[in-house]
Amino acid sequence: MAVLVFADHDNASLKDGTHKTVTAALALSPDVDILVAGQGAKAVADAAAKITGVRKVLLAESDSLGQGLAEAVTALVVPLMSGYDALLTPATSQGKNFSPRIAAKLDVAQISEIVEVVSASTFVRPIYAGNALETVESADSKKIITVRPTAFKAAAEGGSASVETIDAGAGAGKTHFVDQKLVKSARPELTGAKIVVSGGRAMGSAEEFQRVIEPLADKLGAAVGASRAAVDAGYAPNDYQVGQTGKVVAPELYIAVGISGAIQHLAGMKDSKIIVAINKDGDAPIFQVADFGLVADYKSAVPDLMTALNAAGV
Amino acid sequence: MKVLVPVKRVIDYNVKARVKADQSGIDLANVKMSMNPFCEIAVEEAVRQKEKGTITEVVAVSIGPAQAQETLRTALAMGADRAILIQTDLDLEPLAVAKVLAAVIAEEAPNLVIMGKQAIDGDNNATGQMLAALLDWPQGTFASELEISSTSAKVIREVDGGLQTLEVALPAVITADLRLNEPRYASLPNIMKAKKKPLDIKEAASLGVDLAPRLKVLKVAEPAKRTAGIKVETAGDLVTNLKTAGVF
Ligand SMILES: Cc1cc2nc3c(=O)[nH]c(=O)nc-3n(C[C@H](O)[C@H](O)[C@H](O)COP(=O)(O)OP(=O)(O)OC[C@H]3O[C@@H](n4cnc5c(N)ncnc54)[C@H](O)[C@@H]3O)c2cc1C
Ligand SMILES: Nc1ncnc2c1ncn2[C@@H]1O[C@H](COP(=O)(O)O)[C@@H](O)[C@H]1O
C-alpha cells in the first residue's frame, strides 16, 4: 500500500501540519510520499524531504497551484492517484477545499478530519461538534482522508528523501484567482502554537480586543484566537476563529477571555492541555472545561495577570 | 437566472447531541430539528440576490425523510419560490447526496448552486465540493461575499490567514461561510404564504442514483470527558497554579 501526503505550506515554508499528517500516514503504510504543489516552492520540497520515514517528495509547480486553487490541485492529484491507495491531507481550509473534489472525481467517499488511525481502512473522526467520535470502516479502493493535525504527533526530521519534479497538471480551468489579503503576523501560527490567548464578545470593540488580548499574547509568546461572536462583530479577523467551523487548536495552554464556552467554541479547543478561563459569570459553561477558572471582570483580571506574570519572572 | 439551494434538516444547533447507550449512533428521538445553520445562510443569500435582481428564481431542495418538508417550508417562508423533497429514510453520505443533487440539476438546469459549507451533524464539509466535481463546475467555497454577474461570480473566501478573492465562470457551486450574511426570521405572513408555494416530492430511489454507503459506522462513542478544574481567587493564584502545572 502506498500513501500520498499533501504538504501544507505557503510556497516559502513547510508547515508543521505536514509532519503530523505524515505520522497518520505512516500508521497506514510504511510507503509514504509527499506531494508539494505550489509555485516557487523548491525550498518547501527540500524541507519535506527531511521528514523521517518519507520515501520521496514530488514537486509540482504552476501559478494556480501556488494559489491553491481546488480545480488545479484536483487536476494534478487525480491522475497521480493511480499509483497510490490513499491521499492524506491536513484539514486546513485549503485541504478541506480540494480534498472532497478529488474524492468525488475518484468516486470514493472522503473521510473528513480523522483523529485516529485504527487500521488501514478504519478511522475515528469527530461528529456533532466533537460531542461524539465515530469509528468508520471504508470499503472504497482508495481512501481520501483529511487529517486533524492536532490529533497527531509531528514526525521527526532527519531523513533525506529524493525530490522529483513532476508535471503541474491541467490547471484551474474556469476559476480565476483575483487576489488575496493575508494577515501578516509575527506571532506563532494559531494551529501550531504552544499557547493561545483568545478573546470573545466581552471585548466589545476591535480596539479593546487589541488593547487587552494582544499584550497578553505578546507577553506569553502566544498566538491569538477569537470566538465566532468576536469575529462576526469585527473585533478580530476571520482566520482567528476557533471552533467547530473555525480552527481546531490543542496548545499546552489555552486562555479564554470573555468567552462563554458554547459547544461550537469548545469543539475547537477542548483538547488543549490546560485551559484557563477568565469570565465574570461564574456559571459560564467555559468553567466546566477549564482547569483554572478566574471569575472576574477581564478589565481588572488581565492587567492583574500581566503584573503577576512579571512578578513571577515569566 | 435560477439558483438551486440544497438544505439539510439536522439537530438544532442549540441542542447537545447525546450518544446512544449501545453506541450505534446519536439519539435523535424527540430532539429538536432545524435547518442546518449554513443552509439558512445559503437560502438568505439566494433570496437577497433575488431581491437585488441578479437571480429570478430560488429553488430549495432537501434530501431526507418526510419531515424534511418542514425544513423546505422554512426555506419557502424565507423567500424561496418552490421546493423539491427527494425523499429517503436512508442517512446518505456526502457523495450520495452530491449524486442526487447532480440528478436534480440535470432536470432543473440552474445557473448556480448556493449551499452550506458544512452540515453540523456529520461535520463533513464535503458535499458542495463533490457536487462541483461531479458536474465539472468551478467551486467557490467558504464564501463571505458573493457578487453575481451574468456569466460569472466573484467570491470572497475565508481561508487560513485571511481572505481570497476568486472569479468563477457560471454555472458554479458556492458554499456559504458564517460571515456571508445574517439570515432573516420568516414573518408570520410569509410563513402562511409558504404553505401555498409548490413543494414537489420524489422518491430518491426513483432517480437511478447509486446511494450505497461507502463507510460502515462501527461505533459512535462519547469522547473522554474533561472534568472541571478549580476556581482560583486571584491572578496571582492563577500564575502560581500554572507554574506548578509546569507551563512556565
Ligand atoms: C453553525 C454555527 C457554527 C458556529 N461555529 C462557531 C465556532 O467555530 N467558534 C465559535 O467560537 N463559535 C461558533 N458558533 C457560535 C457559538 O454558538 C457562540 O455564539 C459563540 O461562541 C459565542 O461567543 P462568545 O463566547 O464570545 O460570546 P458570548 O456567548 O456572548 O459570551 C460572552 C461572555 O463574556 C462574558 N463577559 C462579558 N463581559 C465580561 C467582562 N467584562 N469580563 C469578563 N467576562 C465578561 C460573559 O459572561 C459571557 O460569558 C457557531 C454557531 C453556529 C450556529
Ligand atoms: N441531505 C441533504 N439534503 C440537502 N442538502 C444537503 C444534504 N446533505 C448535505 N447537504 C448540503 O451540503 C452542505 C454541506 O454538507 P456536508 O458536506 O454534509 O457537511 C449542507 O450545508 C447542505 O447545503
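The values are calculated or read from the model by the stated rules, or taken from the named source; none is laboratory data. A quick note: this is a predicted structure, and the numbers were derived from the prediction, not measured. Quick reminder, even Gly has a Cβ in these numbers, built from the backbone with ideal geometry, and neighbours come from all protein chains shown.
Some notes on this structure:
- Restricting the range A:71-101 to residues that are within 11 Å of another protein chain (Cβ to nearest Cβ) and not in a helix (DSSP H, G or I) leaves a set whose member that is nearest to B:Gly162 (Cα to Cα) is A:Thr92.
- For the range A:270-301, taking the residues that are touching a residue at least 60 places away in the same chain (Cβ under 8 Å) and more than 9 Å from ligand 1 (Cβ to nearest atom), the one that is farthest from A:Asn131 (Cα to Cα) is identified as A:Ser272.
- Restricting A:Leu266, A:Leu305 to those that are away from ligand 2 (no atom under 16 Å from the Cβ) and within 7 Å of chain B (Cβ to nearest Cβ) reduces the list to A:Leu305.
- Applying the set (1) crowded, with 23+ Cβ neighbours inside 10 Å; (2) not in a strand (DSSP E or B) to A:Tyr254 leaves exactly one unmet item: (2).
Here's the yes/no breakdown for (1) more than 9 Å from ligand 2 (Cβ to nearest atom); (2) within 13 Å of chain A (Cβ to nearest Cβ); (3) buried (at least 22 other Cβ atoms within 10 Å of the Cβ); (4) under 16 Å from the mean Cα position of the chain (by Cα):
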site: B:Gly25; (1), (2), (3), (4): yes, yes, no, no
site: B:Ala46; (1), (2), (3), (4): yes, no, yes, yes
site: B:Gln49; (1), (2), (3), (4): yes, no, no, no
site: B:Glu70; (1), (2), (3), (4): yes, no, no, yes
site: B:Asp81; (1), (2), (3), (4): yes, no, no, no
site: B:Thr88; (1), (2), (3), (4): no, no, no, no
site: B:Pro94; (1), (2), (3), (4): no, yes, yes, yes
site: B:Val97; (1), (2), (3), (4): no, yes, yes, yes
site: B:Ala126; (1), (2), (3), (4): no, yes, yes, yes
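- Scanning the range B:56-68 for residues that are within 16 Å of ligand 1 (Cβ to nearest atom) and away from chain A (no Cβ under 14 Å) turns up nothing.
- Residue check for A:Ala250: closer than 21 Å to B:Ala245 by Cα, small (Gly, Ala, Ser) and more than 16 Å from ligand 2 (Cβ to nearest atom): yes
- Consider the range B:150-182 and keep the residues that are in a loop (DSSP other than H, G, I, E, B) and within 13 Å of chain A (Cβ to nearest Cβ). The one that is nearest to B:Phe38 (Cα to Cα) is B:Asp177.
- Considering the range A:283-300, and only residues there that are closer than 16 Å to A:Arg201 by Cα and assigned to a helix (DSSP H, G or I), the residue that is farthest from the other protein chains (Cβ to nearest Cβ) turns out to be A:Lys299.
- Filter result (in a strand (DSSP E or B) and surrounded by fewer than 20 Cβ atoms within 10 Å (Cβ to Cβ)) within the range A:19-57: A:Asp31, A:Arg55, A:Lys56
- Options A:Val302, A:Val248, A:Val289; residue that is among the aliphatic types (A, V, I, L, M) and more than 24 Å from the chain's Cα centre (by Cα): A:Val302
- Residue within the range A:99-109 that is modelled with pLDDT of 95 or more, more than 28 Å from A:Ala250 (Cβ to Cβ) and in contact with a strand residue (DSSP E or B) (Cβ under 6 Å, 6 or more places away or on another chain) present: yes
- Screening the range B:176-186 for residues that are more than 13 Å from ligand 1 (Cβ to nearest atom) and touching a residue at least 12 places away in the same chain (Cβ under 8 Å) and picking the one that is nearest to B:Ala98 (Cα to Cα) gives B:Asn181.
- Residues that are without any contact (Cβ under 8 Å) to a residue 24 or more places away in the chain and farther than 24 Å from B:Val59 by Cβ are absent from the range B:190-204 altogether.
- Of the residues making up the range A:258-281, those that are part of a loop (DSSP other than H, G, I, E, B) and either over 30 Å from B:Ile11 (Cα atoms) or over 31 Å from the mean Cα position of the chain (by Cα) (or both) number 1.
- Unique match (being away from ligand 1 (no atom under 16 Å from the Cβ), without any contact (Cβ under 8 Å) to a residue 40 or more places away in the chain, within 12 Å of another protein chain (Cβ to nearest Cβ) and buried (at least 17 other Cβ atoms within 10 Å of the Cβ)) among A:Ala229, A:Ala222: A:Ala222
- Consider the range A:190-219 and keep the residues that are more than 8 Å from ligand 1 (Cβ to nearest atom) and part of a strand (DSSP E or B). The one that is nearest to the other protein chains (Cβ to nearest Cβ) is A:Ile195.
- Residue match in the range B:128-135 (condition: in a strand (DSSP E or B), buried (at least 20 other Cβ atoms within 10 Å of the Cβ), more than 12 Å from ligand 2 (Cβ to nearest atom) and within 11 Å of chain A (Cβ to nearest Cβ)): no
- In the range A:257-283, the residues that are crowded, with 22+ Cβ neighbours inside 10 Å and of a type in the set (Asp, Glu): A:Asp271
- Considering only residues in the range B:101-118 that are among the hydrophobic types (A, V, I, L, M, F, W, C) and surrounded by fewer than 24 Cβ atoms within 10 Å (Cβ to Cβ), the one that is farthest from B:Lys216 (Cα to Cα) turns out to be B:Ala109.
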